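For reference, the structure discussed in these notes is given below.
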Amino acid sequence: MSSDAPLWTPSPERVAATNVTAFRGWLEAERGVVLADVAALWRWSVDDIESFWAAIWDYGGVIASRGCDDVLVDGDKMPGARWFTGARLNYAENLLRRRDDAPAMIFRGENGARRELSHAALYGQVAQTAAALGADGVAAGDRVVGFMPNAPETAIAMLATASLGAIWSSCSPDFGIRGVMDRFGQITPKVLFCADGYFYNGKTIDSRERIAGILADAPSIARAVVVPFASEDPDLSGLRDAVGWDDYLAGRPDDAIDFAQLPFDHPLFIMYSSGTTGMPKCIVHGAGGTLLKHLVEHRLHSDLKPDDRLFYFSTCGWMMWNWLISALASGATLMLFDGNPFHPSAAALWDFAAAERITHFGTSAKYIAALEKAGVAPRESHDLSAMRMLLSTGSPLAPESFEYVYRDIKADVCLSSITGGTDIMGCFALGNPAGPVWRGELQMRGFGMAVEAFDDAGRPLPAGDKGELVCTRPFPSMPVGFWHDDDGAKYRAAYFETFPNVWRHGDYIEITEHDGVIVHGRSDAVLNPGGVRIGTAEIYRQVEKIDAVVEALCCGQDWQGDVRVILFVRLRDGLVLDDALTERIKREIRANATPRHVPAKIVQVADIPRTISGKIVELAVRDVIHNRPVKNTDALANPEALELYRDLEALRS
């Protein structure tokens, strides 16, 4: 995957100005730890995890009413390690440390609406919301949920919840009632924050009927707070126990918040697995671990500084929303967008970036690939001079997309493809603003994350070999546990059964000669024709080069005592998969991967099934083509697409 030269290398002046360089200087001055470069810093951070995370606590300026007794207890146990025992802190207090008139949030909707909220005004509205929640009896440990677009009120409600020590959980408003209740129904929330509707692709979608359904199915909800997002004065008469946002805050004090001081691992967020193989798992994350993990990723890996402007295209149902909001702890301005990123045109997000001088632009690999397919060249049409970092996640970023970014978006930008997930509220591998960007590679493993590629026997693999992504030492943002898993059995089964005392994440990766990372797809979706393991991402990278192909899905079909590779493709409108295109796809895969990667069958389909968060569901399709039931279609954004894969004539021979 490597090439003769990196796509981008920061100048010496740029390296000297990075936070990671400043942190190395701080370590030398304050701790006497001398580290020659970023590689040495990573090695120290995983060899001496206790000293590293203690340094992050101090360097990050964590606000706490009580320091810890011990940074790490039982550090040889996974799970079982305990971090910063005895400490007392509040996540929201750390995010609301800045209270001046500089912008804390700038919101833009696809309908052109723009709103700006200062740090001082944000603090005031969080104070009012916290007082209202307290009056409703919300206290530490209670659950408060959001069924909301990516609006300022969503962040305000979350911060108010956290200030009380209550637990926040959210779904985006494109979820159906069943999908919402599969999640919220497990955690018995006390208060629901919701919006009357939202805008998408030029349409106004009314959410009130679904809100009524949620309230009917969730008797634990004693209050519904409705934000007037799609209309100025929505009729709430059909919603039980509902009150408008302004009325809820009216008369509440805005001058002081009594931040609950709680243990380091006090529950902060409940996140959810995709739910495509059954009911979504409720993953509980602690306040201190989330805060420290995000301080590392924002300041060191993303070079985020006070007054930077961070955008990440995300809904409130994806952990990147939580990641985005945490940037307030670094003093940054949050750039919020809600709607279709291609409405009214593919320039929508770039208009936002240019007009507001966004410094950090985050999105999905799928969005970048779609831009390239559409022939969009923001470099030629928009002033992106303020942008220093471009981040991508959600799925592996194809090597060709790396080239597209530097050719057609911006030549002088640190392109950081990142990977991690809901499970850890952060990343295993991500950016290095002080290092080069190589085609197709994530720049480095995360600080404090002892990431390796393991073979099936649990042995670390050398650079260039593919294996299971594991983390061999504990880290603070490991989940507190799963909801309703009192003995921890489900938690241990999810991550620690394959390799005892080692976190197995479920990704198939290789560590490169540059000490970067390449993600080859989910290891549970790895293909095994003839006993040779093949990552699906290796096939997608070749297929997506072909202009006729909009997107693809690959899975294995049991066939004659072996597994054969099946590739499904969605083509541009009006195109048909003929023999010539089939051979061209096979030729591209054979030439740039190996003959074993070439699919036995290539089948045209009208749609590719995806989760609500946008990830393709290879395992669900594999179940359908084998006539096995798909356990939870409510987790899918387009469950009807699965029927396109049932009883296909092409797969019978």
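Which helices count as membrane-span-like in the chain under these terms: full DSSP H, at least 27 Å along the axis by C-alpha, Kyte-Doolittle mean of 1.0 or more?
Values: long enough: none.
Membrane-span-like by this rule: not one helix.
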If you project the alpha carbons of region 81-154 onto the principal axes, what extent comes out on each, in Å, largest first? 47, 28, 27
Rounded to two decimals, what is Rg over Rh for region 136-224 when you use alpha-carbon atoms and the Kirkwood radius? 0.96
Of all beta bridges DSSP finds with both residues in the chain, what is the antiparallel percent, to the nearest 5? 60
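I'd like the per residue volume of the convex hull spanned by the Cα atoms of region 526-651, given in cubic angstrom.
Details: hull volume 13.9 nm³, N = 126.
For region 526-651, the hull spanned by Cα atoms encloses 111 Å³ per residue.
Given the pairs K190/K615; K490/K615; K203/K631; K366/K410; K466/K631, which span a C-alpha to C-alpha distance of over 28 angstrom in this model?
On the way: K190/K615 30 Å; K490/K615 23 Å; K203/K631 32 Å; K366/K410 18 Å; K466/K631 30 Å.
Those over the limit are K190/K615; K203/K631; K466/K631.
In what order do D254, D647 fall by count of nearby beta-carbon atoms within 10 Å, going from fewest to most?
Numbers: D254 16, D647 10.
Ranked by crowding around the Cβ, least crowded first: D647, D254.
Where a ≥ b ≥ c are the square roots of the eigenvalues of the C-alpha gyration tensor, would you call region 301-359 rounded, which needs a/c under 1.5, or, failing that, prolate if a/b is larger than b/c, or oblate?
It comes out oblate by the Cα gyration axes.
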Per residue of the chain, what 222 nm ellipticity follows from adding -39500 (n - 2.57) for every DSSP H run with n ≥ 4, rounded to the nearest 500? -7500 deg cm²/dmol
Which ³J(HN,Hα) values, rounded to whole Hz and listed in residue order, are derived for region 190-201 from phi using the Karplus coefficients 6.51, -1.76 and 1.60 in 6.51 cos²θ - 1.76 cosθ + 1.60 with θ = phi - 60°, glycine and proline given as x? 9, 10, 10, 9, 8, 10, 5, x, 7, 10, 7, 6
Distant-in-sequence amide H partners of N632 (H built 1.01 Å from N, under 5 Å): G278
Rounded to the nearest 20 debye, dipole of the chain from Cβ charges on Lys, Arg, Asp, Glu: 640
Karplus (6.51, -1.76, 1.60) ³J(HN,Hα), θ = phi - 60°, over region 139-148, in Hz, Gly and Pro reported as x: 9, 3, x, 5, 9, 10, 10, x, 10, 9
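Going through region 102-162, which GluC sites (Glu not before Pro) have at most 13 other Cβ atoms within 10 Å and a DSSP loop state?
Numbers: sites: E110, E116, E153; in loops: E110.
In loop regions of region 102-162 (DSSP not H, G, I, E or B), there are no sparsely surrounded GluC sites (Glu not before Pro).
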Quick one: what are the phi-derived ³J(HN,Hα) couplings along region 166-176, Karplus 6.51/-1.76/1.60 with θ = phi - 60°, whole Hz, x for glycine and proline? 7, 10, 9, 8, 8, 10, 7, x, 8, 5, x
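Classify the chain as rounded, prolate or oblate from the Cα gyration tensor: take a ≥ b ≥ c as the square roots of its eigenvalues, call it rounded if a/c is under 1.5, otherwise prolate when a/b beats b/c and oblate if not.
On the way: a/c = 1.43, a/b = 1.19, b/c = 1.20.
Rounded.
Translational D (Stokes-Einstein, µm²/s) of region 495-590 at 37 °C and 0.692 mPa s when Rh comes from the Kirkwood sum over C-alpha pairs?
Numbers: Rh = 15.3 Å.
After rounding, the answer is 214 µm²/s.
When only C-alpha pairs under 8 Å and at least 6 residues apart count, what is the relative contact order of the chain, in percent?
Here the relative contact order equals 13 percent.
If packing is taken as the mean number of other Cβ atoms within 10 Å per residue, what is the order of 316-326, 18-28, 349-359, highest first?
Working: 316-326: 23.8, 18-28: 18.1, 349-359: 20.0.
By packing density, highest mean first, the sequence is 316-326, 349-359, 18-28.
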In µm²/s, what is D for region 17-163 at 25 °C and 0.890 mPa s, where D = kT/(6 pi eta Rh) by Stokes-Einstein and Rh is the Kirkwood radius from Cα pairs? 133
Quick one: which residues, 5 or more positions from S417 or on another chain, have an amide H under 5 Å from its amide H? H modelled 1.01 Å from N in the peptide plane, none for Pro or chain starts. S392, Q443
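Quick note: the coordinates plus some simple rules give every number you see, no bench work behind them. Fair warning: this is a prediction, and the values are worked out from it, not measured in the lab. Cβ coordinates were reconstructed from backbone atoms using ideal geometry, including for glycine residues, and neighbour counts include every protein chain displayed.
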